[in-house]
Amino acid sequence: MFKSLKAKSTVMLLVLVMTISVFSFAVNAASNGQWYQSEKGWSYKVNDSFINGQWEEIGGKWYYFDADGIMESNCYRGGYWLTSNGAWDPAFSGGKWRKNDTGWWYQDGSWYPVSKWLRIDGKYYYFNEKGYMESNCYRDGCWLTASGAWDTNYRNGIWKSDSVGKWYQDGSWYPKNQGLWIDGDYYRFDSAGYLITDNGSGEGDDDIIELPFVPV
C-alpha cells in the first residue's frame, strides 16, 4: 500500500513539474521573441513563427495579433480596449453592443463613442452625434452596410459636378432614381444620377436606402 501511495505521489509530482515547465517555456518563449515592423504594422516573432489570430502576453502586457500577424491598436477586441501602443488597457474591459428602439450603440462602462469611427473586432463602424451606429449609408466616403460595418470595397465616395448638375459617385457606381444618406443628410437622385435640388425628408419613398434611425 505504501509503495502504491509513493508511486502515485511520484507520478503527481512529475506531472506538476512538467506542467510548470511547459508554462514557463511558453512565457519565456513569448518574452524572448522579437518585434518586427512593416508597412502594415507591428508583428511579434517567437522562434520561427509570427504570433497570429490570438492574444499574447509580452513583457507583462497583453496584445492581440490579427490573422495576418499584425498587432491591433486603437480598437476594441473581445470587449477589451487596445491602446495606441497595442497594449490592453484594463480600465476599459467591458465593451458591449447595446440596443434600444432607436438603434445600436457600443458602450464600455459609462463611455460610448460619439461622432467618431471605432474599430471593433476587426471592423470599422461610425457612431453619430447621439452615439448611435450608422448603417446603409455613406460616411466620409465609406459605405456602411446593413450591419453597420464598413464595406472596404466602397471607400471613395465623393461629390462630382458638371454643367448639368451634381452627383455622388464611388468608383464606377453612382445612385440613380433613388435616395441615399450621405454624411448624415438625405439626398435624392434622378434617373440620370443627378441630385434633385428639392430633396424632401425621404418619407414615403419606397426606393430609398434608409438608416435604421434619422440623424438629428
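The values are calculated or read from the model by the stated rules, or taken from the named source; none is laboratory data. Everything numeric here is computed off the predicted structure, so don't read it as measured data. Ideal geometry is used to build each Cβ from the backbone, glycine not excepted, and the neighbour counts take in all protein chains shown. These accessible areas exclude ligands, DNA and RNA; they are computed on the full protein's heavy atoms, side chains included. Shrake-Rupley method; radii C 1.70, N 1.55, O 1.52, S 1.80 Å.
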Practice item. Assess whether Trp81 counts as being of a type in the set (Phe, Trp, Tyr), touching a strand residue (DSSP E or B) at 6+ places or on another chain (Cβ under 8 Å) and closer than 14 Å to Arg119 by Cβ. Key: yes
Point to revise | Residue satisfying all of: in the stretch 86-127; more than 16 Å from the chain's Cα centre (by Cα) and touching a residue at least 60 places away in the same chain (Cβ under 8 Å); nearest to Gly148 (Cα to Cα) among these | key: Gly103
Practice item. Would you be able to tell me the number of residues in the stretch 132-147 that are open to solvent by less than 50 Å² (accessible area, probe 1.4 Å) and under 16 Å from the mean Cα position of the chain (by Cα)? Key: 9
Check your understanding: Out of all the residues in the stretch 189-206, which are of a type outside the set (S, T, N, Q), in a loop (DSSP other than H, G, I, E, B) and either at pLDDT 80 or above or more than 35 Å from the chain's Cα centre (by Cα) (or both)?
Key -> Asp190, Ala192, Gly193, Tyr194, Ile196, Asp198
Review point. Considering the stretch 163-178 alone, what residues qualify as being free of Cβ contacts under 8 Å to residues at least 12 places away in the same chain and within 29 Å of the chain's Cα centre (by Cα)?
Key: Ser172
Point to revise | Test set (1) within 23 Å of Ser147 (Cβ to Cβ); (2) small (Gly, Ala, Ser); (3) surrounded by 13 or more Cβ atoms within 10 Å (Cβ to Cβ) - Gly53 fails condition number | key: (3)
